[in-house]
Structures are given as C-alpha cells and as structure tokens.
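Remarks on the structure that follows.
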Amino acid sequence: MSSSYDYLFKVVVLGEGAVGKTAIVTRFSHGFFRTDYKTTIGSQFAVKNINIPEEGYNELVVKLQIWDVAGQSRFQILRPMYYRGSNGGLLVYDVSRRRTFMLLEEWLEELHKAIQKEIPLVLVANKTDLPDIVVEPSEGREFADAHGMPYIESSAKTGEGIVDIFAQLGEILVDRRQKGER
C-alpha cells in the first residue's frame with residue numbers, strides 16, 4: 001500500500017455489540033469474512049486507502065483510519081476517547097435484531113456528546129443475507145433521511161455493499177474538506 005495520499009480521515013464505526021462492525025471493517029480492509037469474531041475490547045483499528053473519482057480523469061487517494069468501537073455497554077466509558085477527532089463514521093445496526101435499530105438515537109447522542117459537533121455518518125443496515133429480517137428497509141431509510149445521512153444495506157458475509165459504504169463516506173468527506181468544512 002502506498003504511503004502517498006491526498007486526504008486522511010478518521011472514521012469511527014459505532015453501534016450495538018454483535019451488529020457486525022468488526023466483520024464490516026475486516027471485510028473492507030482485509031477482504032475476508034470470519035464466523036468466529038470475538039467481542040471487541042475498547043476498539044480495533046484498521047487503515048485502508050480508497051480512490052475517489054474526481055472531475056476529469058483524476059482520482060484522489062483517501063486514507064481512512066477506521067476505528068471499530070466496542071458496542072457492549074460495559075465499554076461505554078471508554079468509547080468517547082475513540083470518537084475524538086473523528087471526521088466521519090458508520091452507524092451500524094443488525095436488520096435481524098430490532099433492538100439494535102431502536103438504540104441508534106442513543107448512539108448518536110453518545111457520539112455528539114463526546115465530540116461536540118456533527119460529523120457525516122452513513123447508516124448501515126447490516127446482515128441483509130439473513131432470512132429473519134425484522135427491520136424493514138423503509139424504516140432504515142426513514143431514520144437516515146430524518147438524520148440527513150445516506151442509507152446503505154450490507155452483508156459483511158457476502159461482501160454486498162461493503163465497498164459502497166466506505167466509498168460513499170469517503171466522497172462526502174472529500175467534498176466537505178474541499179468546501180473548507182472540518
């Protein structure tokens with residue numbers, strides 16, 4: 001991986017435990033899926049460069065520092081330190097577990113309280129490969145629209161939507177930086 005890049009962004013991945021945050025980050029950064037993930041303690045960290053198309057024939061190289069934050073409530077006291085300095089993030093829920101969707105507002109509150117500003121987020125409806133979906137796509141889209149964020153369905157297991165999640169967030173972050181927003 002080249003050390004040359006046009007932009008560097010810190011991205012935080014948040015949501016309840018076992019929604020697939022680590023699986024999403026692993027699929028994106030390393031290209032594979034495992035079935036035996038362990039509970040994240042504090043946070044895990046990955047780095048990956050992506051290419052963002054620019055007008056004309058150029059592409060920008062964007063380095064993403066991805067912080068996968070522990071979702072279990074016992075780690076709540078640690079999470080704010082991992083949020084600080086984030087430029088953007090992923091808000092992830094499991095489409096087969098309604099509770100993970102119902103708690104999204106609490107995750108937003110925790111993030112905003114810790115960093116004291118709004119950052120671009122992508123709402124990720126994960127585990128769409130599962131047969132027992134209980135949160136309808138329309139509910140996810142409605143939540144995303146109400147909070148001004150894109151909505152993307154994904155399956156870390158199959159890889160569906162994984163690249164799109166980070167590409168879309170990367171484009172938003174580059175656009176904001178080019179407009180002088182922090």
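Hey, does the range 70-78 have a residue that's within 22 Å of GLY159 (Cβ to Cβ), in contact with a helix residue (DSSP H, G or I) (Cβ under 8 Å, 6 or more places away or on another chain) and among the small types (Gly, Ala, Ser)?
So far as the range 70-78 goes, yes, one or more of its residues are within 22 Å of GLY159 (Cβ to Cβ), in contact with a helix residue (DSSP H, G or I) (Cβ under 8 Å, 6 or more places away or on another chain) and among the small types (Gly, Ala, Ser).
Among the residues of the range 152-159, are any out of contact with any Ser or Thr (no Cβ under 8 Å at 6 or more places or on another chain), closer than 28 Å to VAL62 by Cβ and in a helix (DSSP H, G or I)?
For the range 152-159, residues out of contact with any Ser or Thr (no Cβ under 8 Å at 6 or more places or on another chain), closer than 28 Å to VAL62 by Cβ and in a helix (DSSP H, G or I): absent.
Look at ASP132 and say whether it is closer than 16 Å to ALA18 by Cβ and either part of a helix (DSSP H, G or I) or in contact (Cβ under 8 Å) with a residue 12 or more places away in the chain (or both).
So ASP132 passes the test.
Given the condition touching a Phe, Trp or Tyr at 6+ places or on another chain (Cβ under 7 Å), more than 14 Å from VAL25 (Cα to Cα), surrounded by 18 or more Cβ atoms within 10 Å (Cβ to Cβ) and touching a residue at least 12 places away in the same chain (Cβ under 8 Å), answer yes or no: does some residue in the range 146-161 qualify?
Looking for residues that are touching a Phe, Trp or Tyr at 6+ places or on another chain (Cβ under 7 Å), more than 14 Å from VAL25 (Cα to Cα), surrounded by 18 or more Cβ atoms within 10 Å (Cβ to Cβ) and touching a residue at least 12 places away in the same chain (Cβ under 8 Å), one finds none in the range 146-161, hence no.
Among the candidates ARG97, ARG79, which residue alone is in contact (Cβ under 8 Å) with a residue 40 or more places away in the chain and out of contact with any strand residue (DSSP E or B) (no Cβ under 9 Å at 6 or more places or on another chain)?
Of ARG97, ARG79, the one residue that is in contact (Cβ under 8 Å) with a residue 40 or more places away in the chain and out of contact with any strand residue (DSSP E or B) (no Cβ under 9 Å at 6 or more places or on another chain) is ARG97.
Could you list all residues from the range 160-182 that are assigned to a loop (DSSP other than H, G, I, E, B) and either at pLDDT 95 or above or within 19 Å of TRP107 (Cα to Cα) (or both)?
Within the range 160-182, GLU160, GLY161 meet the criteria.
I'm told ALA156 meets every condition in (1) small (Gly, Ala, Ser); (2) under 16 Å from VAL69 (Cα atoms); (3) touching a Gly at 6+ places or on another chain (Cβ under 6 Å) except one. Can you identify the failing condition by its number?
With (1) small (Gly, Ala, Ser); (2) under 16 Å from VAL69 (Cα atoms); (3) touching a Gly at 6+ places or on another chain (Cβ under 6 Å) applied to ALA156, the lone miss is (2).
Would you pick out the residues in the range 123-136 that are in contact with a Phe, Trp or Tyr (Cβ under 8 Å, 6 or more places away or on another chain) and within 16 Å of GLY161 (Cα to Cα)?
Of everything in the range 123-136, those that are in contact with a Phe, Trp or Tyr (Cβ under 8 Å, 6 or more places away or on another chain) and within 16 Å of GLY161 (Cα to Cα) turn out to be LEU123, VAL124, ALA125, ASN126.
The values are calculated or read from the model by the stated rules, or taken from the named source; none is laboratory data. Here the structure is a predicted model, which is why all the values come from computation and not from measurement. FYI the Cβ positions are ideal-geometry reconstructions off the backbone, even for glycines, and counts take in every protein chain you see.
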